[in-house]
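Below is one structure, written out as structure tokens, with a few remarks after it.
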Amino acid sequence: MIRTSGLSFAVAVAVAVSLALKGPASAQARGEAKVLLERAVELSNSGDAAGALPLAQQALTILEKAEGPDHPDVASALNYLGILNQQTGRLKEAEPLYQRALSIRQRVFGAEHPQVAISADNLAALYRTTGRRNEAELLYKRVLVIQENNFGPEHPAVAATASNLAAIYQETGRARDAEPFFRRALTINEKAFGPDHPQVAASLLALGALYRTSGRLAEAEPMLKRAVTIEEQARGAEHPEIASPLLELAMVYWMQGRTDDVEPLFKRALVIREKGYGPDHPAVAQAVNTMAGFYRDQGRHSDAEPYFKRVLAMYEKALGPDHPGVATSLNNLAVLYQEMGRPGDAEPLAKRALTIREKTFGPNNPQLLNTIHNLAELYRTLGRKAEADALAKRADAIRQRAK
């Protein structure tokens, strides 16, 4: 399946391109589109998804003209262009691309074809990103049925979608619903790949993270340690994939109050990702952000500040100034400044974070609530009660609409 996030993006775009360029189009047109898409893949895999966008759009235009607007190759190009838009934070632009690709594939292949599942999967991932989890859940359930019918109930693709569905349940506070799907994914992957395969480590990581967030720390710890061991044995002690279970294990120790054990793991994970991906990669930014959060929690605000500033600069460079990830980073730095007694530094950051989220999600989306709350608290600190009260009323109205 094509994925749209995390470290599988390079694989995702490679699959997207491999699906295209089949059919009766002229050799010249197909060749032009192929060259454009290959160059787009090179750019996106090097971290320049924004640079890849116009090339992918040009390839789509060529294929539409050569093959017609409803050809499967066009659907593949649309799907890939949706991925690039999503990667660069253009979430509103990505949605119609995914929807059109899904519509074409349903007409051409039928509702139960694996290609339909690919488009539905990517649209579900977009809905999950934008907080439309009910819609994402329905799509993931549909994808799961298509995969089970086409590949059987124990196929690794089924495991991947079961994990995605479990993640939706986890994000909506339904840990009991999530657990059997994460466990099913683990069982499938152990049977398909063997007990010491990196894919098994990924399932252990997901289940361990669920247990951590559910407070089941004693169950989480051995799963995460096993995930680390598998990754070390399979890939080597400095492979970038080891960083994720290291970070989760550090979080377990943090929650257990074992703070002396936390910082070395965080630092190791950060160094591994910097060596593996370079200093400006989004995965490095996540590790930097986690370090910043740890220092802030420990009251080490002066240690936290440069990390929060670094992650903000990294997200702006990698994702663009209006990406929701940038808004989260702005919000984190604003909260830190407020805790440090620097509300004047916090206000422009908090206001910019809210503007980005409004642009991304719309003015009445629950995704805005945390940012609105933080800005309201900032205004109260500054003695601007009327502005704080107005924001509180707005937050209440959003909650009522969401019920």
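The values are calculated or read from the model by the stated rules, or taken from the named source; none is laboratory data. Remember, predicted model here, so these are calculated numbers, not experimental data. As a convention, Cβ positions derive from the backbone with ideal geometry for all residues, glycine included, and neighbour counts pool all protein chains shown. When the accessible area is computed, the model is the full protein with side chains, heavy atoms only, and any ligands, DNA or RNA have been set aside. Shrake-Rupley method; radii C 1.70, N 1.55, O 1.52, S 1.80 Å.
List of remarks:
- Annotation for the range 116-182: trypsin sites (Lys or Arg not before Pro) lying in DSSP loop with at most 15 further Cβ atoms inside 10 Å of their Cβ are ARG174.
- Estimated from the Cβ-Cβ distance and a Förster radius of 45 angstrom, the FRET efficiency linking GLU339 and ALA111 is about 0.30.
- Nearest-ten-degree value, helix 369-381 long axis tilted from longest Cα axis of the chain: 20 degrees
- Contact order for the range 149-302, expressed relative to its length and based on alpha carbon pairs under 8 Å spaced 6+ residues apart, stands at 14 percent.
- Springs between Cα atoms under 10 Å define the GNM used for the chain, and in it the highest mean-square fluctuation of ALA40, ALA376, ALA334 occurs at ALA376.
- Acute angle (nearest 10 degrees) that the helix 49-67 long axis makes with the longest principal axis of the chain, alpha-carbon atoms: 20 degrees
- Per the Debye calculation on the range 80-149 with a single equal scatterer at every Cα and no solvent contribution, log₁₀ I(q)/I(0) for q = 0.21, 0.27 Å⁻¹ amounts to -0.82, -1.18.
- Given in Å, the Rg to one decimal and the Dmax to the nearest whole number for the Cα atoms of the range 33-90 are 10.7, 31.
- Accessible-area composition of the chain, carbon plus sulfur, in percent [1.4 Å probe]: 53 percent
- For the chain, the spread of Cα coordinates along the three principal axes comes to 67, 49, 42 Å, biggest extent given first.
- Applying the criteria of a DSSP loop state and at most 15 other Cβ atoms within 10 Å to the trypsin sites (Lys or Arg not before Pro) of the range 249-294 yields ARG258.
- Over the chain, accessible surface divided per residue gives 44 Å², non-protein components excluded, 1.4 Å probe.
- Across the chain, the relative contact order, built from alpha-carbon pairs under 8 Å that are at least six residues apart, equals 8 percent.
- Spin-label model, GLN256/ALA390: points 7 Å from Cα along the beta carbon direction are separated by 5.0 nm.
- Those aspartates and glutamates that a straight Cα-Cα span of less than 20 Å connects to LYS141, excepting residues fewer than 8 apart in one chain: GLU95, GLU112, ASP121, GLU154, GLU171, ASP177, GLU179
- Springs between Cα atoms under 10 Å define the GNM used for the chain, and in it the highest mean-square fluctuation of PRO348, PRO245, PRO198 occurs at PRO348.
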